[in-house]
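Structure first, commentary second.
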Amino acid sequence: MGDADITTSQWRLVEVGRVVVFSGGQFDGRLATIVEIIDHKRVLVDGPSKDAPVPRHAIALAKVSLTPIVIPKLPRGTGRGFVAQQWEKEEVDKKWSESSWSKKRAQFQKRRQLNDFERFKVMKLRKQARFEVRKSLAKVRSAA
């Protein structure tokens with residue numbers, strides 16, 4: 001028999017220390033970390049972020065999205081000060097701002113703020129860019 005290659009699952013698990021992002025509601029788009037698992041549908045979260053803090057409260061898992069960011073070895077039910085200390089140590093805000101998920105959310109919010117004329121300008125610029133790409137692609141195809 002050959003050796004079995006055992007790897008962990010690629011799923012994001014609900015675990016103490018997992019960073020979540022709120023989807024909708026009062027704290028839409030803000031970050032928090034899971035401090036305690038209440039039951040299979042609810043968790044206790046705490047968000048010590050400097051720019052957008054979230055108070056410690058219980059939230060349904062349906063109202064948050066799990067991110068790939070984890071604060072490792074965070075004790076269950078730990079105090080707010082220790083959570084804030086670990087948050088800074090792990091540079092959660094920096095990791096989040098560098099993620100493609102965060103950048104995509106920011107772009108989506110920026111697009112939602114555009115007025116009609118600004119949306120028209122974006123459409124025209126995208127058409128121009130598409131035309132240039134297709135022109136260069138046609139040139140490469142004809143040369144081949």
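At-a-glance table
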read-out: Residue match in the stretch 107-128 (condition: closer than 30 Å to E36 by Cα, at pLDDT below 95 and surrounded by 11 or more Cβ atoms within 10 Å (Cβ to Cβ)); value: no
read-out: Candidates I59, I71, I37, filtered to the one that is closer than 23 Å to Q109 by Cβ and not small (G, A, S); value: I59
read-out: Among the residues listed as E132, E36, E118, the single one being of a type in the set (D, E, K, R) and part of a strand (DSSP E or B); value: E36
read-out: Given (1) under 15 Å from the mean Cα position of the chain (by Cα); (2) outside any loop (DSSP other than H, G, I, E, B), number of the condition I59 does not satisfy; value: (1)
read-out: Some residue of the stretch 71-83 being outside any loop (DSSP other than H, G, I, E, B) and touching a residue at least 24 places away in the same chain (Cβ under 8 Å); value: yes
read-out: Sole residue being in contact with a strand residue (DSSP E or B) (Cβ under 8 Å, 6 or more places away or on another chain), under 30 Å from R42 (Cβ atoms) and surrounded by fewer than 11 Cβ atoms within 10 Å (Cβ to Cβ), chosen from G77, G81; value: G77
read-out: Test result for S49, of a type in the set (S, T, Y) and part of a helix (DSSP H, G or I); value: no
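Residues checked against (1) within 25 Å of K103 (Cα to Cα); (2) of a type in the set (A, V, I, L, M, F, W, C); (3) surrounded by fewer than 14 Cβ atoms within 10 Å (Cβ to Cβ):
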{"site": "D3", "(1), (2), (3)": "no, no, yes"}
{"site": "W11", "(1), (2), (3)": "yes, yes, yes"}
{"site": "S23", "(1), (2), (3)": "yes, no, yes"}
{"site": "V35", "(1), (2), (3)": "no, yes, no"}
{"site": "V43", "(1), (2), (3)": "no, yes, no"}
{"site": "V54", "(1), (2), (3)": "yes, yes, no"}
{"site": "A62", "(1), (2), (3)": "yes, yes, yes"}
{"site": "I69", "(1), (2), (3)": "yes, yes, no"}
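Each row is one residue, and each column tells you yes or no for (1) under 19 Å from the mean Cα position of the chain (by Cα); (2) at pLDDT below 95.
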{"residue": "V20", "(1), (2)": "yes, no"}
{"residue": "D46", "(1), (2)": "yes, no"}
{"residue": "K50", "(1), (2)": "yes, yes"}
{"residue": "F82", "(1), (2)": "no, no"}
{"residue": "K95", "(1), (2)": "yes, no"}
{"residue": "S100", "(1), (2)": "yes, no"}
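The values are calculated or read from the model by the stated rules, or taken from the named source; none is laboratory data. The model shown is predicted, which means the values in this text are computed figures rather than measured ones. Cβ: placed from backbone, ideal geometry, glycine included. Neighbour counts: every protein chain shown.
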